[in-house]
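The values are calculated or read from the model by the stated rules, or taken from the named source; none is laboratory data. Predicted model only: the values in this text are computed from it and were never measured. Using ideal geometry, Cβ is built from the backbone for each residue, glycine included, and neighbour counts are taken over all protein chains shown. Ligands, DNA and RNA are excluded from the accessible area calculation, which covers all protein heavy atoms including side chains. Shrake-Rupley method; radii C 1.70, N 1.55, O 1.52, S 1.80 Å.
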Amino acid sequence: WNAWMFPYIKLGGEDVTANTYEEGLPYVLEVLLGIPVDDISCQFLAERNLEKYSIPHAEMREYIHKLFQIEIRECPDPLPRDEFELNHRKYKWMSFEAMREDKDIWAMNGDVISWVEEQLCRYTKEEN
C-alpha cells in the first residue's frame with residue numbers, strides 16, 4: 001500500500017478465534033502490544049460496508065469497517081513515540097489533520113478517515 005492506515009485486525013484464522021470482536025480484540029492487542037488482556041476492554045461504536053476501488057489490487061472490493069473504543073487500563077511505560085514497530089508491523093501516531101494532509105493516505109483512505117472522524121465526534125457528543 002505504501003501509505004499509513006488504521007490498524008487492521010482480522011479475527012479467526014491465525015490471529016485469534018473468537019465469536020465477537022469485543023471478545024477477540026483484547027487477545028489480539030495483547031499479542032501486538034504486549035499488554036495483558038485483563039488490562040484491555042473494547043466497546044463497539046459503529047460499522048459500515050463500503051464498496052470502493054482498491055488501488056493496489058486494481059479492482060472494486062467490499063470493505064467492512066468496524067470502529068471500537070479501546071480502553072487500556074495500564075499502558076506500557078513509556079508509550080512508543082512517532083513511528084515504531086511491534087511484532088514486525090510498523091505503526092505511527094497521526095492526527096486526523098496529518099492524515100488529511102498526506103496526499104497518499106487521503107487518496108486511498110480519505111473516505112475512511114472522514115467516516116472515523118465523524119463517528120468519533122458523534123460518539124463524543126453522545127457521551128457528554
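Each row is one residue, and each column tells you yes or no for (1) open to solvent by less than 80 Å² (accessible area, probe 1.4 Å); (2) at pLDDT 85 or above; (3) of a type outside the set (Asp, Glu); (4) over 22 Å from Leu25 (Cβ atoms).
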position	(1), (2), (3), (4)
Pro36	yes, yes, yes, no
Tyr53	no, yes, yes, yes
Pro80	yes, no, yes, no
Phe84	yes, no, yes, no
Lys90	no, no, yes, no
Trp93	no, yes, yes, no
Ala98	yes, yes, yes, yes
Does Asp102 meet the test of being surrounded by 15 or more Cβ atoms within 10 Å (Cβ to Cβ), in contact (Cβ under 8 Å) with a residue 40 or more places away in the chain and acidic (Asp, Glu)? yes
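Conditions (1) open to solvent by 40 Å² or more (accessible area, probe 1.4 Å); (2) out of contact with any Ser or Thr (no Cβ under 8 Å at 6 or more places or on another chain); (3) in a loop (DSSP other than H, G, I, E, B), marked per residue:
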{"site": "Phe44", "(1), (2), (3)": "yes, yes, no"}
{"site": "Leu50", "(1), (2), (3)": "no, yes, no"}
{"site": "Phe68", "(1), (2), (3)": "no, yes, no"}
{"site": "Cys75", "(1), (2), (3)": "yes, yes, yes"}
{"site": "Glu118", "(1), (2), (3)": "yes, yes, no"}
{"site": "Glu126", "(1), (2), (3)": "yes, yes, no"}
Could you list, in sequence order, all residues of the stretch 88-116 that are among the acidic types (Asp, Glu) and either within 20 Å of Leu45 (Cβ to Cβ) or outside any helix (DSSP H, G or I) (or both)? Asp102, Asp111
Residue pairs, Cβ under 6 Å, 6 or more apart or interchain, first in the stretch 33-61 and touching a residue at least 40 places away in the same chain (Cβ under 8 Å) and on the phi < 0 side of the Ramachandran plot, second part of a strand (DSSP E or B) and open to solvent by 60 Å² or more (accessible area, probe 1.4 Å). List them. Leu45/Gln69
Taking into account only those residues within the stretch 110-128 that are under 14 Å from Met99 (Cα atoms) and among the hydrophobic types (A, V, I, L, M, F, W, C), which is farthest from the chain's Cα centre (by Cα)? Trp115
